[in-house]
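Structure, as C-alpha cells:
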Amino acid sequence: MFDLISRDKEYIANTYNRFPIEIVRGCGSKVCDVNGKEYIDMGSGIGVTAFGFNDTLWCQAVSEQISLVQHTSNLYYTKPCVELAELLCKKSGMKKVFFSNSGAEANECAIKVARKYAADKKGSGCYKIITLENSFHGRTITTLSATGQEHYHELFNPLTDGFIHTPANNLEAFEKTVNENKDEIAAVMIECIQGEGGVIPLEKSFVEGVDRIAKENDILVIVDEVQTGNGRTGKLYAYMNYDIKPDIVSTAKGLGGGLPIGAALLGEKTQSVLGFGDHGSTYGGNPVCCAAALTVINRLTDELLAEVMLKSEYIFSELANADGVESVSGMGLMIGIKTAKPASDIVKAAMEKGVLCLTAKNKVRLLPALNIPLGDLKTAIEIIKECCK
Ligand SMILES: *Cc1c(COP(=O)(O)O)cnc(C)c1O
C-alpha cells in the first residue's frame, strides 16, 4: 500500500487528493480494500455504479459484448448503441441521442447544439448561455466556463466566451438577464439539484419559471442530468420532478453503471440541429458501454424507482433529527447532510468505521447504489449518525 501511494505520487498527475485505501474488489454495495477491510459504499464512485459491484446482469452484458466486439467506431452500426438510444427516447419522450464518454462531453454537445440552433434561427450574434451561480458543468475549458464557480476559473483564462451566470432560485434576476440580453441568449442550462455545489435542489417555482420565460423567448432549456439522472432522484430524470419540458438533457455518471458513457438527449426543437460532420466522438456509443447502460436503464422500472423513494424517506427520517445534523437536502438517493462538525471529519470517521461517503462543499454527500440492500443502508446510516454526534 505505501509502495502504491509513493508510485502514484511519482507517476500520476497531482490532481487528486486520495484517501489511503486501495480498493481491490466489490460485491453489491460493499467494497473490500487490499487488507480485507470491508466498507459499505455510500458514494458509488460519485454516483456511477448505479447497481453496485459484481452485478450479475451488468457483468453478463458487458462480458458478452466484449467477447463479440468491443469497438467499431461510428463508421458502422452496432445494436447496443441503437437499442440504448431508442430506449432513452421512448422512456424520456426526447427524440434523438448523441453519445459521448463523459458528463463534460455530454454538456459540450448540448452547448454546440444550442449555439447552432440559435445561430441558424436568430443569427450568429445569438450564442450566449445563462447558467447558475454555484453550478457545476464539467472540467473542459468550455464546461468550466459554463460552471458558475469562480474558483474553478482562476487558473485557466481565457475562458470560452458567452456564459452569463445568474443566482439560483432568483427568477427576477434570471428574467432581468434575459431582458437585458434579449437577442443574444441561445439557452439556459441548469442542474435541478446542484450536486457539486452542495446538493441544493432548485425550487419548483424557479425551475418552472425559467422554463416558461425561456419558452416565451425561444431560448433553449438544457438540463444537466449528469449527476441527477438515471433514477438517482426517484424519477428517470430529475426534471421529471418539475413540470417542464427540456430541449436538451445531458447525462453520464450513473448511465453506464461504471463504464464511461455520456449522452445528450435532444428534444423536438433540437433533434435536427446537427447534420453530418457537425459533431462526433471516436468512442461515442461504444457497444460495451451501451450494453452496460441498457442493463441500467432497463431496470429503472416504477417498482425500482418506488424503492429508491422508500430508501430516501428512510434516510431523511433517520437523519433529520439526529444529533449533530443541522439539515438534510436532496431528492431520492442524492442526499446532502449539513453537519455541526466539518463534513471532511465525518467522512474520515465513517471510513474508519467502514462506510464510504462523499462531500459536496461543506456537506456530507450520499449517492448510494439505487439497489443498495436495506440492511447495508441501515448499518451505514447508523454509523453516519454515530459520526455526526
Ligand atoms: C460530474 C458532473 C459533470 C462532469 O462529468 P464528467 O463525467 O466528470 O465529465 C457535469 N455536470 C454535473 C452536474 C456533474 O455532476
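The values are calculated or read from the model by the stated rules, or taken from the named source; none is laboratory data. Just so you know, these numbers come straight off a predicted model, no measurement behind them. We place every Cβ from the backbone using ideal geometry, glycine too, and count neighbours over all the protein chains shown. Accessible surface is based on the protein model in full, side chains and every heavy atom, while ligands, DNA and RNA are left aside. Shrake-Rupley method; radii C 1.70, N 1.55, O 1.52, S 1.80 Å.
Looking only at residues in the range 107-157 that are buried (at least 17 other Cβ atoms within 10 Å of the Cβ) and on the phi > 0 side of the Ramachandran plot, which one is nearest to the ligand (Cβ to nearest atom)?
Checked the range 107-157; the qualifying residue nearest to the ligand (Cβ to nearest atom) is Gly138.
Return the residues of the range 35-70 that are part of a loop (DSSP other than H, G, I, E, B) and open to solvent by less than 70 Å² (accessible area, probe 1.4 Å); say none if nothing qualifies.
Hits for the range 35-70 are Gly36, Met42, Gly43, Val48, Thr49, Ala50, Phe51, Gly52, Asp55, Val69.
Looking only at the range 240-267, how many residues end up being within 14 Å of Ala293 (Cβ to Cβ) and part of a loop (DSSP other than H, G, I, E, B)?
The qualifying residues number 6.
Would you confirm whether any residue within the range 230-239 is under 30 Å from Glu180 (Cα atoms), outside any loop (DSSP other than H, G, I, E, B), more than 16 Å from the ligand (Cβ to nearest atom) and open to solvent by 10 Å² or more (accessible area, probe 1.4 Å)?
Initial filter on the range 230-239 (under 30 Å from Glu180 (Cα atoms)): 238-239.
From what's left, outside any loop (DSSP other than H, G, I, E, B): 238-239.
This time we only want the ones that are more than 16 Å from the ligand (Cβ to nearest atom), so: none.
Within the range 230-239, not a single residue is under 30 Å from Glu180 (Cα atoms), outside any loop (DSSP other than H, G, I, E, B), more than 16 Å from the ligand (Cβ to nearest atom) and open to solvent by 10 Å² or more (accessible area, probe 1.4 Å).
Looking at Val273, Val249, Val223, which one is in contact (Cβ under 8 Å) with a residue 12 or more places away in the chain and more than 15 Å from the ligand (Cβ to nearest atom)? Break it down into steps so the answer makes sense when it comes.
Working: Val249 fails: more than 15 Å from the ligand (Cβ to nearest atom); Val223 fails: more than 15 Å from the ligand (Cβ to nearest atom).
Among Val273, Val249, Val223, only Val273 is in contact (Cβ under 8 Å) with a residue 12 or more places away in the chain and more than 15 Å from the ligand (Cβ to nearest atom).
To keep it simple, each residue is scored yes or no on (1) of a type in the set (Lys, Arg); (2) touching a Leu at 6+ places or on another chain (Cβ under 9 Å); (3) within 16 Å of the ligand (Cβ to nearest atom); (4) over 22 Å from Glu196 (Cα atoms).
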residue: Ile12; (1), (2), (3), (4): no, no, no, yes
residue: Ile21; (1), (2), (3), (4): no, yes, no, yes
residue: Gly26; (1), (2), (3), (4): no, no, no, yes
residue: Asp33; (1), (2), (3), (4): no, no, no, yes
residue: Gly36; (1), (2), (3), (4): no, no, no, yes
residue: Gly43; (1), (2), (3), (4): no, yes, yes, no
residue: Gly47; (1), (2), (3), (4): no, yes, yes, no
residue: Asn54; (1), (2), (3), (4): no, no, no, yes
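Within the range 189-218, count every residue that is part of a loop (DSSP other than H, G, I, E, B) and surrounded by 18 or more Cβ atoms within 10 Å (Cβ to Cβ).
Initial filter on the range 189-218 (part of a loop (DSSP other than H, G, I, E, B)): 191-192, 195-199, 202-203, 217-218.
Checking the rest, the ones that are also surrounded by 18 or more Cβ atoms within 10 Å (Cβ to Cβ) come to 191-192, 195-199, 202.
So the answer is 8.
Residues Glu313, Glu326: which one is of a type in the set (Asp, Glu), open to solvent by 30 Å² or more (accessible area, probe 1.4 Å) and assigned to a helix (DSSP H, G or I)?
After applying the criteria, what remains is Glu313.
Quick check on my filter: what residues within the range 79-106 are more than 16 Å from the ligand (Cβ to nearest atom), outside any helix (DSSP H, G or I) and small (Gly, Ala, Ser)?
Once the filter is applied, which keeps residues that are more than 16 Å from the ligand (Cβ to nearest atom), outside any helix (DSSP H, G or I) and small (Gly, Ala, Ser), the range 79-106 yields only Gly93.
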